[in-house]
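A short worksheet on the structure shown next.
The values are calculated or read from the model by the stated rules, or taken from the named source; none is laboratory data. Keep in mind the model is a prediction, meaning the values are calculated, not measured. FYI the Cβ positions are ideal-geometry reconstructions off the backbone, even for glycines, and counts take in every protein chain you see.
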Amino acid sequence: MKNSIFLPLCSLVKRNIKIYMRDKMAVFFSLLAPIIVLLLYILFLGKMQVDSIVNAITDASVDKAVIVSLANIMINNWMICGVLSVSCITVAFNACAIMVRDREQGNVNDVLAAPIKRWVLYASYVISTFVITLCIALIILAISMIYLVCTDGLFMTFIDFIAILGITVLSTLSAAFAVVLMLSFVKTSAAQSAFGSIFTTVIGFLIGAYLPVSMLPVPIQYLTCFVPGTYSAGLYRNFFLRGPMQKMLQVLSPEIVQTLKTNYAIELQIFGARIPAWWMTFALTLSIVLFAVLMIIFYSNKKTNFFTMTIKKRKKK
């Protein structure tokens, strides 16, 4: 019984990954998009954020060059957290194009004609999306680490690094479930492309990756509380910025450092309450369970036509 499920599942996952890797340009642009965002931060947006921090700190007892150096370290780590959290979602969205293409072309009819349970097919899309996204996310993480080392901005312990790897796994798994669930409503590749151009742009603002959440309108700030990516970005900032914040405390007053933590969502707040790292981990894990349950509900209901993968036959007149 186990082999009758495990072997088809492994074959489908391997097939999905091979199809994705066969399109070299898709792989290249999936990797290039987060790097471009990182470069935009480094060349343009990062300097704006550093200038705003330097202008806001009016402590005359601290040399301005020291403040600029600390602000650069903080912003470099902060923007990498945003890039990593967004890339987990956008790469998953691109990797899941295989599912939409299979549905559009009717390829899944051949799979479902075999004695394979429908949930195995959905699980193969989730697993393949997770594996592809995790591999690319780890490459982006490695590039980010190299950049921080080159700019003398890496201040983390080995435990922090292990925690960041765990956050990457949780973030990609949550994104894989969420994207497969969303794209089950999409029937064509053209619709996915149109929806993706909007979704991948908006999601960066909703999770506070491009701008601090405190700069967004209050209703949008409340909306971010219900987006799992917000907790992914918050967890990344907890561990990436722990070292830089401790270094700032050696120079700046605790009040200034606390203000920076609040304004840049290093300490995430929901409805005025501070959210600790363990709660964000729980929220991210809960989102995985919730998306998985929703998938189980939909694929087990034969009347849920918008979630079915097969193409309906036209009725004969």
(request) State which residue is surrounded by the most Cβ atoms within 10 Å (Cβ to Cβ) when the search covers only region 177-202 and only residues that are of a type in the set (V, I, T) and in contact with a helix residue (DSSP H, G or I) (Cβ under 6 Å, 6 or more places away or on another chain). (result) V179
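Any residue in region 57-75 that is farther than 15 Å from A178 by Cα, polar (S, T, N, Q), touching a residue at least 24 places away in the same chain (Cβ under 8 Å) and part of a helix (DSSP H, G or I)? Working first, answer last.
Residues of region 57-75 that are farther than 15 Å from A178 by Cα, as a first pass: 57-75.
Narrowing further to those that are polar (S, T, N, Q): 58, 61, 69, 72.
Of the ones still in play, those that are also touching a residue at least 24 places away in the same chain (Cβ under 8 Å) are 72.
Applying the additional criterion that residues be part of a helix (DSSP H, G or I) yields 72.
Scanning region 57-75 turns up at least one residue that is farther than 15 Å from A178 by Cα, polar (S, T, N, Q), touching a residue at least 24 places away in the same chain (Cβ under 8 Å) and part of a helix (DSSP H, G or I).
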(request) Quickly run through region 1-33 and pick out the residues that are small (G, A, S) and at pLDDT 85 or above. (result) S11
(request) Only residues in region 168-195 that are among the polar types (S, T, N, Q) count as the first member; pair them with residues that are surrounded by 15 or more Cβ atoms within 10 Å (Cβ to Cβ) and not in a helix (DSSP H, G or I), Cβ under 7 angstrom, at least 6 apart or cross-chain, and list the lot. (result) Q192/V186
(request) Only residues that are modelled with pLDDT of 50 or more and either touching a Gly at 6+ places or on another chain (Cβ under 9 Å) or charged (D, E, K, R) (or both): list them for region 293-317, please. (result) K302, K303
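Hand me the list of helices (runs of 4 or more DSSP H) wholly inside region 103-196 holding 3 or more residues that are within 21 Å of the chain's Cα centre (by Cα) and either modelled with pLDDT of 85 or more or not small (G, A, S) (or both). Give the steps one after another, and end with the answer.
On the way: elements: 108-113, 118-150, 158-183.
In region 103-196, 118-150, 158-183 are the helices (runs of 4 or more DSSP H) which contain 3 or more residues that are within 21 Å of the chain's Cα centre (by Cα) and either modelled with pLDDT of 85 or more or not small (G, A, S) (or both).
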(message) Between a residue in region 133-154 that is farther than 16 Å from V27 by Cα and any residue that is assigned to a loop (DSSP other than H, G, I, E, B) and of a type in the set (G, A, S), which pairs come within a Cβ distance under 9 Å, given they are 6 or more apart or on different chains?
(response) Y147/G153
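Count, please, the residues in region 30-41 that happen to be within 20 Å of M74 (Cβ to Cβ) and either buried (at least 19 other Cβ atoms within 10 Å of the Cβ) or over 20 Å from the mean Cα position of the chain (by Cα) (or both). Please lay out each step first, then the result.
Step one: of region 30-41, the residues within 20 Å of M74 (Cβ to Cβ) are 37-41.
Then keep just the ones that are either buried (at least 19 other Cβ atoms within 10 Å of the Cβ) or over 20 Å from the mean Cα position of the chain (by Cα) (or both); that gives 37-38, 41.
Total satisfying the criteria: 3.
F226: loosely packed, with under 15 Cβ neighbours inside 10 Å, modelled with pLDDT of 80 or more and within 25 Å of L170 (Cβ to Cβ), yes or no?
yes
In this structure, is V251 surrounded by fewer than 21 Cβ atoms within 10 Å (Cβ to Cβ), aliphatic (A, V, I, L, M) and under 30 Å from I127 (Cα atoms)?
Working: surrounded by fewer than 21 Cβ atoms within 10 Å (Cβ to Cβ): yes; aliphatic (A, V, I, L, M): yes; under 30 Å from I127 (Cα atoms): no.
The answer is no for V251.
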(request) Return the only residue of L241, L290, L286, L235 being at pLDDT 85 or above, among the aliphatic types (A, V, I, L, M) and exposed (fewer than 15 other Cβ atoms within 10 Å of the Cβ). (result) L286
(request) Having 2 or more residues that are on the phi < 0 side of the Ramachandran plot, without any contact (Cβ under 8 Å) to a residue 12 or more places away in the chain and not aromatic (F, W, Y) is the bar; report the helices (runs of 4 or more DSSP H) wholly within region 212-261 that clear it. (result) 218-224
